[in-house]
Amino acid sequence: MIRWIFFTICMLAGGALGWLTATKFGFGLGVLAGGLVWLALDMVNFRRLLSWLRTEQNSDSPGISASALPSLSGIWGDLGDRTRRLLEIRDRYYLEGQARLDEFLAAMQASPSGVVLLDAQGRIEWCNQMAVQHFGFDAQRDLRQHIANLVREPAFNAYMASADFSHDVVIPGHSSTLARPVKLSVHAHAYGKNRKLLLSGDITAVELAEAMRRDFVANVSHEIRTPLTVLAGFIETLQTLPLNEAERTRYLALMAQQSLRMQTLVTDLLTLSRLEGGPVPGVNDWTTTSALFAQCEQEARALSGVIAPHGHRLEFESGMACEISGIQAELHSALSNLVTNAVRYTPDGGLVQVNWILLEDGRGQFQVRDTGRGIAPEHLPRLTERFYRVDRSRSRETGGTGLGLAIVKHVAQRHGAELRIESQPGRGSCFSIIFPAARVRRLQTAETALASL
Ligand code: ADP
């Protein structure tokens with residue numbers, strides 16, 4: 001309305017000025033000139049609004065106003081104002097959308113799985129840091145690169161080409177080496193218009209655990225089957241052959257030996273499983289080192305008498321009377337395994353020394369040293385693996401199960417202790433368990449109690 005009034009005023013003012021000139025067409029030309037002046041003024045406002053709109057449109061950062069709305073009156077001012085409000089709503093939506101996208105990408109970054117987004121052509125649109133580690137991508141440089149150019153595993157390329165994504169594919173990871181193989185499980189999921197989401201996970205530990213489980217079952221079966229086969233053979237012999245008394249006695253002794261071997265194996269297996277599932281040893285149950293020494297010395301002497309006709313030289317030095325906190329049966333089992341191993345792997349007449357040392361920093365150390373055949377350095381890192389044996393026949397001959405050092409390692413770990421193994425082939429071995437100061441205390445004997453008074 002105001003616009004029309006202003007337009008009419010302009011034309012009338014032009015007409016009045018034209019009429020004042022008193023020429024023939026003065027009034028008509030004046031009206032026309034007045035109309036043109038109004039139109040020119042209107043176009044100036046329109047241009048200002050248009051140039052503001054162009055600046056807003058060309059702005060690189062939506063959400064941030066590039067320039068202020070020029071002050072315009074009338075319909076252009078109104079139009080500018082409404083446009084500005086619409087732009088503000090758009091900008092708010094944009095900023096909210098951007099914040100949500102950032103949060104979503106941050107969540108994908110935090111994912112323990114590698115995440116890769118592929119476009120319809122199989123080019124990388126986005127990937128998280130874990131995927132960078134798994135596949136060895138460069139998060140910036142490799143964007144828009146075709147995945148097949150970056151992951152060159154034939155199994156992976158065949159999987160992507162097959163378009164059957166109902167299962168995953170296992171491929172070596174980027175950092176995989178012969179010494180440290182890394183296995184990745186990669187699973188593709190189709191979404192949107194032919195896009196794909198790749199999820200990758202490091203399954204090295206799972207595969208290792210599975211391989212260990214398989215090996216363990218195979219080893220246990222093998223260890224049990226051998227004495228069982230021997231036993232079955234003797235039973236058949238006893239059933240079918242007419243044997244004299246001496247032969248029967250000899251066979252029965254061999255059968256007893258095999259069943260003892262199975263019994264020892266089952267006992268060790270049960271000990272291991274108890275160690276794995278049992279509660280952490282408390283710190284209030286104390287066992288004296290002298291009691292542990294006495295038990296082990298007895299066992300070592302008995303074993304030495306059986307396997308070495310001339311016997312070993314056994315030296316037990318229980319040192320400062322102390323107590324260790326933990327589970328007595330476990331502590332005994334660990335020390336006993338080390339001592340009997342020393343006897344079993346040291347030739348007849350060799351020296352086995354066992355001692356307990358209270359270290360200056362309060363820690364306590366059990367040490368079992370022998371002058372046996374020793375162990376080559378390449379075997380040392382694997383000695384505590386279940387069923388790992390350096391000398392298979394010697395182990396079997398002397399009733400070994402291959403689980404002794406695995407038990408020692410578990411007991412040490414459960415008591416916060418450290419197992420140290422030093423050995424030189426031909427010169428002997430030294431096994432030590434070092435208990436933390438918190439689990440060791442000097443024994444209060446009558447003498448020490450009197451001395452402290
Ligand atoms: P095993 O029942 O076979 O003795 P262990 O787990 O106790 O099983 O020991 C693993 C392997 O470590 C043994 O088979 C043996 O080859 C080696 N070993 C253990 N203790 C000694 C030792 N004192 N001297 C030499 N070799 C040893």
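Here segment 207-278 is described by how far its Cα atoms reach on the three principal axes: 53, 24, 12 Å, from widest to narrowest. With Cα atoms as the point set, segment 296-390 shows a radius of gyration and Dmax of 14.3, 42 Å. Quick note on segment 48-170: its Rg to Rh ratio, both from C-alpha atoms and Rh being the Kirkwood radius, is 1.23.
What part of the accessible area of the chain, given as a whole %, is carbon or sulfur when the probe is 1.4 angstrom?
Of all accessible area on the chain, carbon and sulfur atoms account for 59 percent.
Considered as an equivalent ellipsoid built on the Cα gyration tensor, segment 266-307 has semi-axes of 26, 19, 4 Å, the largest given first. In this structure the chain gives 59 Å² per residue of accessible area when probed at 1.4 Å with all protein chains present.
In segment 282-453, the ratio of gyration radius to Kirkwood radius, Rg to Rh, stands at 0.98 when only Cα atoms are counted. The alpha-carbon atoms of segment 2-104, seen along their principal axes, cover 77, 22, 14 angstrom, with the largest extent given first. By the rule of a C-alpha distance below 29 Å, with chain neighbours fewer than 8 residues away ignored, the lysines paired with LYS183 are LYS196, LYS409. Size of the chain: Rg and Dmax of its alpha carbons, in Å, are 44.2, 161. The angle between the Cα long axis of helix 204-240 and the longest principal axis of the Cα atoms of the chain comes to about 30 degrees, rounded to the nearest 10.
All alpha carbon pair distances within segment 111-202 were sorted into 5 Å bins beginning at 0; the resulting P(r) in whole percents reads 3, 14, 27, 29, 19, 6, 2, 0, 0. For segment 387-426 versus segment 273-320, the inter-centroid distance based on Cα atoms is 15 Å. For segment 290-304, backbone phi angles converted through the Karplus equation (6.51, -1.76, 1.60; θ = phi - 60°) give residue-by-residue couplings of 5, 5, 4, 4, 4, 4, 5, 5, 4, 5, 4, 5, 4, 5, 4 Hz, Gly and Pro being listed as x. Per-residue Karplus couplings for segment 41-58, computed as 6.51 cos²θ - 1.76 cosθ + 1.60 with θ equal to phi - 60°, are listed in order as 4, 5, 5, 4, 4, 4, 4, 4, 5, 5, 5, 5, 4, 5, 4, 5, 5, 7 Hz, Gly and Pro entered as x.
Taking a straight line from the alpha carbon of LYS193, not one of the lysines sits under 20 Å away once near neighbours fewer than eight places off in the same chain are left out. For the Cα atoms of the chain, what angle does the longest principal axis make with the long axis of helix 74-110, in degrees from 0 to 90, nearest 10? Relative to the chain, helix 74-110 is tipped by roughly 10 degrees.
The values are calculated or read from the model by the stated rules, or taken from the named source; none is laboratory data. Just so it is clear, the model here is predicted, and its values are computed rather than measured. Please note that ligands, DNA and RNA were not included when accessible areas were found on the heavy atoms of the full protein model with its side chains. Shrake-Rupley method; radii C 1.70, N 1.55, O 1.52, S 1.80 Å.
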